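Since the structure comes first, as structure tokens, the remarks are kept for the end.
A short reminder: the numbers here are calculations on the coordinates, not readings from a lab. Predicted, not measured: the structure shown is a model, and the values here were computed from it. A quick note on method: Cβ atoms are made from the backbone with ideal geometry, for glycine too, and the neighbour counts reach across all protein chains shown.
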Amino acid sequence: MTVYVCLHCEYRFDTEKGDPSYNIPAGATPADMPDDWVCPECAALGKDAFIVEEE
């Protein structure tokens, strides 16, 4: 399981589960998103706004 966290609002999504409420499929990572994808919570520009949460 890998969890990605938005650096701006701390929105989190788990790659194992995805986030159906925002149409993020299971298995997706920020790298899989289109270039214009934004954080679904705060609209920060997506790919660079997310980091892997350390366990």
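What to note about this one:
- Kirkwood hydrodynamic radius computed over the chain comes to 10.9 Å, based on all pairs of distinct alpha carbons.
- Ranked list, fewest to most other Cβ atoms within 10 Å of each Cβ, for Ile51, Ile24: Ile51, Ile24
- Taking the helices alone, the chain has a mean residue ellipticity at 222 nm of -1000 deg cm²/dmol, built from -39,500 (n - 2.57) per DSSP H run of at least 4 residues and averaged over all its residues.
- Estimated dipole of the chain in Debye, rounded to 20 [Cβ of Lys and Arg +1, of Asp and Glu -1, Cα centre]: 120 debye
- Counting 0.36 nm for each residue step from Glu41 to Met1 and taking away their Cα separation leaves a gain of 12.3 nm.
- By other beta-carbon atoms within 10 Å, ranking Tyr22, Tyr11 with the fewest at the front produces Tyr22, Tyr11.
- Using a simple spin-label model with pseudo-atoms 7 Å out from Cα toward Cβ, Asp48 and Asp14 lie 3.1 nm apart.
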